[in-house]
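Read the figures in this text as sums done on the coordinates, not as results from a lab. Just so it is clear, the model here is predicted, and its values are computed rather than measured. Glycine also receives a Cβ, built like all others from the backbone with ideal geometry; neighbour counts cover every protein chain displayed.
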Amino acid sequence: MSERFNFYKSAPGGTKLMLDMEKYLHDCGLEEPLIHLVKMRASQINGCAYCLDMHSRDARKHGETEQRLYVLDAWRETELFTPRERAALAWTEALTLISQTHAPDSAYAEANAQFSDTELANLTLLIGTINTWNRIAISSHMPIPVQKAA
């Protein structure tokens, strides 16, 4: 699949805004491992190969285990994730699939029990941002850098 357009070159102002948002999100107080899980789960739902590749590598660099990454798509069926992570993943799914879920009260209640209002607002921004990145990467056919086997 060939790249349709280079978002970074075609929209430098938009790129800067997105990167500024990323900086904000990584400095907002949400735990780095949680940020990577949210990015991975939204990217799984959206089928964004570019973002899955990038964020799986980022997650591993920040100490995430292979086991948790492998079972993330089935997080409800394992006890490998904390209650806070589970609430964030449920909120991620609800907002990523918002046309289907309409952000149900049950997902909100679970997130609200684990996150302060500020944290929940930042989590919501995180979810919205990764969904935007997914749409940019998928629509432009961002190429995945090929890694050579060791």
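If only one of Ser99, Ser139 is farther than 23 Å from Glu32 by Cα, polar (S, T, N, Q) and touching a residue at least 40 places away in the same chain (Cβ under 8 Å), which one is it? Full working, then the answer.
Numbers: Ser99 fails: touching a residue at least 40 places away in the same chain (Cβ under 8 Å).
Unique residue meeting the criteria: Ser139.
Can you name every residue in the range 1-26 that is aliphatic (A, V, I, L, M) and under 24 Å from Val146 (Cα atoms)?
Initially, the range 1-26 is screened for residues aliphatic (A, V, I, L, M), giving 1, 11, 17-19, 21, 25.
Once the filter is applied, which keeps residues that are aliphatic (A, V, I, L, M) and under 24 Å from Val146 (Cα atoms), the range 1-26 yields Met1, Leu19.
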Scanning the range 1-22 residue by residue, the ones that are within 15 Å of Thr132 (Cβ to Cβ) and of a type outside the set (Gly, Ala, Ser) total 10
